[in-house]
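**Q** Sending over a structure as structure tokens; questions will come in a sec.
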Amino acid sequence: MSDDATAGLTQLGRPSAQPPGPEQAILERVPAPHPERQYLVRFTAPEFTSLCPVTAQPDFAHLVIDYVPAGWIVESKSLKLYLTSFRNHGAFHEDCSVRIATTLVGLLAPAWLRIGAYWYPRGGMPIDVFWQTGAPPEGVWVPAQDVPGYRGRG
């Protein structure tokens, strides 16, 4: 990546503290290195954590974020910091999942984006949340997310 592409970044290559919440987190983007091509980018966060807004107990999820860049890609360190900012944030599973996806759509204006949020059980029931912007672009290979469903202990 050229110096021009990273010129305005505030976190990459610098010590960065975990933001106290998603409102304070700074997501950054850089120009897509191949804007003339359609390709899929996948981020997997197998240890995503947020707080239950009612009990303040931790909730855990395995997130899979797929997107097809248009003109921008997300800078990965800023995404990691953004996702960790939810650790002290109280919100329901559905809110966290869709908020992450729509925030990325607002930042990147991708050709396509989807999130699969596979939440671990609390109260005996897993809640999985899926959202996407529409049909994926024709000709783009979109592999299965392959996150196994919760099977319990037996």
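Every number here is computed from the coordinates shown, using simple stated rules; none is lab data. Remember, it's a predicted structure, so these values are computed and weren't measured experimentally. Heads up, the Cβs are rebuilt from the backbone with ideal geometry, glycines too, and the neighbour counts pull from every protein chain shown.
**Q** Would you mind ranking VAL41, VAL64 by Cβ crowding within 10 Å, fewest neighbours first?
**A** Taking fewest neighbouring Cβ atoms as first place, the list is VAL41, VAL64.
**Q** Report, in degrees rounded to the nearest 10, the 0 to 90 angle that the Cα long axis of helix 93-108 makes with the longest principal axis of the chain.
**A** So the inclination is approximately 0 degrees.
**Q** I would also like to ask the following. Express the Stokes-Einstein translational diffusion coefficient of segment 18-132 in µm² s⁻¹, to the nearest whole number, given a Kirkwood radius over alpha-carbon pairs, 4 °C and a viscosity of 1.567 mPa s.
**A** 90
**Q** Using the number of other C-beta atoms within 10 angstrom as an exposure proxy, rank CYS96, CYS52 with the fewest first.
**A** Ranking CYS96, CYS52 by Cβ neighbours within 10 Å, fewest first, gives CYS52, CYS96.
**Q** Which FRET efficiency, nearest 0.05, do VAL98 and ALA7 yield, Cβ-Cβ r, R0 25 Å?
**A** Efficiency at R0 = 25 Å is approximately 0.20.
**Q** Right, another one. Could you state the number of Å between the C-alpha centres of segment 14-45 and segment 95-116?
**A** 11
**Q** For Cα pairs less than 8 Å apart in space and 6+ apart in sequence, what is the mean separation divided by the residue count of segment 18-132, i.e. the relative contact order in percent?
**A** About 31 percent, as a whole number.
**Q** Along the charge dipole of segment 18-132, pointing to its positive end and built from +1/-1 on Cβ of Lys, Arg, Asp and Glu, which listed residue (HIS93, ALA32, ALA111) has its Cα farthest out?
**A** ALA32
**Q** Restricting to DSSP H runs of at least four residues, report the calculated mean residue ellipticity at 222 nm for the chain, -39500 (n - 2.57) per run over all residues, nearest 500 deg cm²/dmol.
**A** -5500 deg cm²/dmol
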